[in-house]
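The structure appears right after this line, and notes come after that.
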Amino acid sequence: MQNDGRRRARARAGLGIALLCVGGILSACASVGPAAWDHDLMARKSMQLNTHPDLMAALEHSYFSKEGASGGRSFVGGGCGCN
Amino acid sequence: MQLTPPRRGRIAQALGLLTANLLAATCAQAQALSPAADAPPDAAAPRVGVNDDTQSDVGLTRLNAAVLFYSESGGRVKATEPVVSVTVNGSSGAVLTGRFTVDTLTGATPNGAAPWTGPQTFTTPAHAPGTTATVTGSSGGSTLVTIPGTGTVARQYVTPANTLPVDAGFRDLRTAVDLGYATPVWDGGRLSFGGSASTERDYRSYSGNAGLSQDFNQHNTTASISAEFEYDRSNPFFGTPTPFTVMSADAKGPARTKTVTSAVLGVTQVVNRYWLAQLNYTVGESNGYQTDPYRVLSVVDSVTGAPSQYLYENRPGSRLRQSVYFGNKVAWGPTVTDASVRFYHDSWGVNSVTAELSERVPVVSWLYVEPLARYYSQTAANFFRDYLIAGQPLPAFASSDSRLGKFQAQTYGLKVGIPITGHSEFDIPSSEVYFQVQDYKQTGSAQPGGVVPGLAHENFFSGVQAVSVFAGWTMAFY
């Protein structure tokens, strides 16, 4: 029970930190970035965050099956019995 | 005694504020340093990569087909994974995605027992409860035997002396379906939904997710929040063993389940004309059965190391995972750098750092190459044990799964892309074939600290070394 309480407290602290970070970033970066006509390079396929989704999914699944950590780019679940 | 929680709360609060301020300062500096901020639109414009399309996705359909060949050294797991997927972009900005994956797996996996100076014999059930069909056959060096006096049919396999025990009877087939839909809901806002289902012979998983993203700041900033719920059902071939009971041929208990609830908070920022950055915070809690039903621990003599029993492992029923991911894409002329780092922590005591770096380099109009490197490091879970000592009280939880042990991993690879049509940015239909070859190697300590004298010359590290080849084809058309 005590461990559960501590874990939940840590989770709440983590979520609080994340929300503060997001809030801080959104307010501080409100005017960061190029003008609309300078978005040409961002339109390149190679500049997308995930250029080959099938390859990324296969790699993430492969790492999930061999390592203790998961998540980061996306959710923490793995959807398989390999870990 | 009551001072601890508030003190942690204050520390967490202070850390949060400091982090937010640090990131805010970084963003402000990035703005000040942005070369695009004061430059005319075309000044120092790098040439768009000769084989790098920039077509609009509106109304575009992408078809993809690929196959992954994966092989671990030492006769361990081999996998072949074909996948097909489609992405349909509507004229209104809505996007529908679907993916179908099949995964065939064979080979040997460590069973969790410690190596020993003599041969070791392991006995497991041969039949699923209520059936007479042999669940894994006699492949992989296993034999079927009848336990004297009981009539119970068992599967047995023998591990040679001074060898890490593996069960060679591993065979599985996984099929998975993923669906997703995203649609604009208001100016700069997008709503997304998704779901997936995955089935194996002994495991099923279902999940659903929803997310909301919002663009700000002339589409330079995107904030997103998404959540997922996953339901898993573990139905091992011979039932679910009771934790810390002796490995045997007896039928085990019924199927067990677990749930995973997770959320991702993210910010994507176009920092300047050349640099795209992403910061994610992910949190997820798993509750339910998380023990590996096939894995055991050796109970060994405190001096000789001789195994007296093999006990089924036991893991906590709850796990809270948190991670921070920071990804970057930077255009350097026609080449693009992808650099990311992830910090991970969970309530089982596993802490890890992951760093990845790749560089896409166009060579000629029909070819680009992308060398990549990845480094991964993790600490051991607080209940990780290489073995248990006979005569000592059992711990609350214990597992010898190397994925919960301390290790590092290095990955080196090369991706090669060959655009077949659509060499210029507006050529439609366009297609591309691509290949990625990579080498993955885990390294770690061969022996735990304070190893019992009789096991001082054994190698306990069961890390993976694997080679994989991924070949894919993608076509886009309106």
Just give me the residues in the range A:60-69 being under 20 Å from B:F326 (Cβ atoms), more than 7 Å from chain B (Cβ to nearest Cβ) and either crowded, with 21+ Cβ neighbours inside 10 Å or touching a Ser or Thr at 6+ places or on another chain (Cβ under 7 Å) (or both), in sequence order. A:F64
Residues in the range B:129-176 that are modelled with pLDDT under 85 and within 21 Å of B:D103 (Cβ to Cβ): how many? 9
Since B:A446 meets every condition but one in (1) modelled with pLDDT of 95 or more; (2) farther than 30 Å from A:T51 by Cα; (3) among the aliphatic types (A, V, I, L, M), which condition does it not meet? (1)
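Conditions tested, residue by residue: (1) more than 30 Å from A:D40 (Cβ to Cβ); (2) of a type in the set (S, T, N, Q); (3) out of contact with any strand residue (DSSP E or B) (no Cβ under 6 Å at 6 or more places or on another chain).
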residue: B:N209; (1), (2), (3): yes, yes, no
residue: B:Y231; (1), (2), (3): yes, no, no
residue: B:T245; (1), (2), (3): yes, yes, no
residue: B:T261; (1), (2), (3): yes, yes, no
residue: B:V264; (1), (2), (3): no, no, no
residue: B:N280; (1), (2), (3): no, yes, no
residue: B:Y289; (1), (2), (3): yes, no, no
residue: B:G305; (1), (2), (3): yes, no, yes
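Scanning the range B:161-187 for residues that are surrounded by fewer than 17 Cβ atoms within 10 Å (Cβ to Cβ) and not in a strand (DSSP E or B), which turns out nearest to the chain's Cα centre (by Cα)?
Residue satisfying both the conditions and the ranking: B:T163.
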Selection from the range B:319-341 of residues within 19 Å of B:T354 (Cα to Cα), surrounded by fewer than 17 Cβ atoms within 10 Å (Cβ to Cβ) and small (G, A, S) yields B:A339
Those residues that are more than 18 Å from the chain's Cα centre (by Cα) and in a loop (DSSP other than H, G, I, E, B), I need them from the range B:351-386; list them, please. B:S365, B:W366, B:N382, B:F383, B:R385, B:D386
Might you let me know whether the range B:301-318 holds any residue that is surrounded by 19 or more Cβ atoms within 10 Å (Cβ to Cβ) and over 30 Å from B:S377 (Cα atoms)? yes
What strands (runs of 3 or more DSSP E) completely inside the range B:207-323 contain at least 3 residues that are within 10 Å of another protein chain (Cβ to nearest Cβ)? B:221-234, B:256-272, B:275-288
Contact list, first residue from the range B:382-408 and in contact (Cβ under 8 Å) with a residue 40 or more places away in the chain and farther than 14 Å from B:Y310 by Cβ, second anywhere and of a type in the set (D, E) and in a loop (DSSP other than H, G, I, E, B), beta-carbon distance below 7 Å, six or more apart or interchain, is B:D401/B:D292
Against the conditions (1) in contact (Cβ under 8 Å) with a residue 12 or more places away in the chain; (2) at negative phi, where does B:G349 fall short? Just the number, please. (2)
Restricting attention to the range B:104-118, does a residue exist that is touching a Phe, Trp or Tyr at 6+ places or on another chain (Cβ under 9 Å), within 27 Å of B:G194 (Cα to Cα) and within 14 Å of chain A (Cβ to nearest Cβ)? yes
B:N280 - would you say it is free of Cβ contacts under 8 Å to residues at least 60 places away in the same chain and surrounded by fewer than 18 Cβ atoms within 10 Å (Cβ to Cβ)? no
Flag if B:S462 is at pLDDT below 90, within 26 Å of the chain's Cα centre (by Cα) and within 30 Å of B:E81 (Cα to Cα): yes
Of everything in the range B:437-478 that's more than 14 Å from every other protein chain (Cβ to nearest Cβ), among the small types (G, A, S) and in a loop (DSSP other than H, G, I, E, B), which residue is surrounded by the most Cβ atoms within 10 Å (Cβ to Cβ)? B:S445
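When the residues of the range A:32-77 are filtered to those that are of a type in the set (S, T, N, Q) and in a helix (DSSP H, G or I), which remaining residue is nearest to B:T474 (Cα to Cα)?
Result: A:S46.
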Got a sec? Which of B:G98, B:G49, B:G112, B:G107 is within 21 Å of the chain's Cα centre (by Cα), outside any strand (DSSP E or B) and either modelled with pLDDT of 90 or more or crowded, with 16+ Cβ neighbours inside 10 Å (or both)? B:G112
Selection status of B:Y434, of a type in the set (F, W, Y) and within 13 Å of another protein chain (Cβ to nearest Cβ): yes
Considering the range B:387-415 alone, what residues qualify as being hydroxyl-bearing (S, T, Y) and part of a strand (DSSP E or B)? B:S399, B:T411, B:Y412
What tally of residues in the range A:34-51 results from selecting those that are within 7 Å of chain B (Cβ to nearest Cβ) and under 21 Å from the mean Cα position of the chain (by Cα)? 5
Restricting to the range B:193-206, name every residue that is of a type outside the set (A, V, I, L, M, F, W, C), part of a strand (DSSP E or B) and more than 7 Å from chain A (Cβ to nearest Cβ). B:G194, B:G195, B:T199, B:R204, B:Y206
Would you confirm whether or not the range B:349-357 contains a residue that is within 12 Å of another protein chain (Cβ to nearest Cβ) and touching a helix residue (DSSP H, G or I) at 6+ places or on another chain (Cβ under 6 Å)? no
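The values are calculated or read from the model by the stated rules, or taken from the named source; none is laboratory data. Predicted model, so just to flag it, every value in this text is computed and none were measured. Please note: Cβ atoms are built from the backbone with ideal geometry, for glycine as well, and neighbour counts cover all protein chains shown.
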